[in-house]
1. Shape call for region 48-202 from the C-alpha gyration tensor, a ≥ b ≥ c root eigenvalues: rounded (a/c under 1.5), prolate (a/b greater than b/c) or oblate?
2. Before I look further, what does region 1-155 give for accessible area per residue, probe 1.4 Å, in whole square angstrom?
3. How large is ³J(HN,Hα), in whole Hz, for each residue of region 16-24 in order, when computed from phi with the Karplus curve 6.51 cos²θ - 1.76 cosθ + 1.60 and θ = phi - 60°, using x for Gly and Pro?
4. For the chain, what does -39500 (n - 2.57) per DSSP helix run (n ≥ 4), summed and divided by total residues, give at 222 nm, in deg cm²/dmol to the nearest 500?
5. Where a Cα-Cα gap under 12 Å defines reach, which aspartates and glutamates qualify for Lys177, not counting those fewer than 8 residues away within the same chain?
6. Counting other Cβ atoms within 10 Å, which chymotrypsin sites (Phe, Trp or Tyr not before Pro) in region 148-200 have at most 10 and lie in a DSSP loop?
7. Got the relative contact order for region 3-134 handy, in percent, Cα pairs under 8 Å and 6 or more residues apart?
8. List, in the order given, every pair from Lys111/Lys132; Lys7/Lys30; Lys30/Lys70; Lys70/Lys132; Lys30/Lys67 whose Cα-Cα distance in the structure shown is over 22 Å.
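The values are calculated or read from the model by the stated rules, or taken from the named source; none is laboratory data. The structure displayed is predicted, hence computed values, not measured ones. Note that we place each Cβ from the backbone using ideal geometry, even for glycine, and neighbour counts take in every protein chain shown. Calculation scope for accessible area: heavy atoms of the full protein, side chains included, ligands and nucleic acids excluded. Shrake-Rupley method; radii C 1.70, N 1.55, O 1.52, S 1.80 Å.
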Amino acid sequence: DLEVAGKLLDKAGWRATKPGGPRQNRKSEKLVLRFSAVAGIRDIEQLEQLIQSDLAKIGVELQIDNKPAKTFFGEFARHRKFPDMSFYAWISAPDGWSHTLWQDDYIPSEKNNWQGQNYPGWRNREVTELLKRVPSEMDADKRLQLMARVQELFVDELPAIPMYFRPVVAIATTRLKNYQPTGTLTPISWNADKWDLEPANQ
């Protein structure tokens with residue numbers, strides 16, 4: 001909602017110099033944000049252009065600085081050198097607890113030898129404690145409650161903004177019976193012992 005976004009920027013002290021013009025703070029500093037992602041991926045580049053266009057409508061300049069995948073996920077992401085915003089994908093199974101993504105002890109740093117995927121640097125002690133309890137909780141309903149609380153805190157503090165879910169596509173001949181893709185990280189061969197291939201019509 002560009003109108004709401006504009007009002008929030010006004011409230012934060014970033015006001016347009018003229019209707020539709022660039023936004024500045026009291027020090028006359030222009031509002032410029034930098035956005036980084038993996039270079040050469042068409043979907044991402046299109047998304048960046050849409051965001052850039054929308055922000056321009058409310059007086060925010062967005063500079064796009066994409067990098068090769070090896071650079072982005074190597075030195076850049078692992079050492080948390082994001083200037084302002086970044087875009088990248090993560091994967092998680094429905095029953096996974098995503099601890100490396102959101103525990104505060106998985107924020108990459110020199111202290112933990114740059115391990116973990118908590119690139120945004122989200123620090124929430126309750127989330128960390130909940131996620132540490134999940135794998136040792138044998139009761140499925142209690143695990144669900146723990147993860148539901150994590151999701152509540154995620155929505156409240158919003159350390160990242162999910163943009164879309166990438167579809168998982170699996171194709172097989174109709175002759176293959178009991179073929180049941182899960183649409184998740186589970187390999188499609190998970191129930192291969194139950195597959196039955198009917199003979200082709202002669």
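1. oblate
2. Normalised by residue count, the accessible surface of region 1-155 is 65 Å².
3. 6, 5, 7, x, x, x, x, 8, 9
4. One gets -8500 deg cm²/dmol as the mean residue ellipticity at 222 nm.
5. Within the straight-line cut-off, Lys177 pairs with Asp193, Asp196, Glu198.
6. Tyr164, Phe165
7. Over region 3-134, the number comes to 18 percent.
8. Too far apart for the 22 Å limit: Lys30/Lys70; Lys70/Lys132; Lys30/Lys67.
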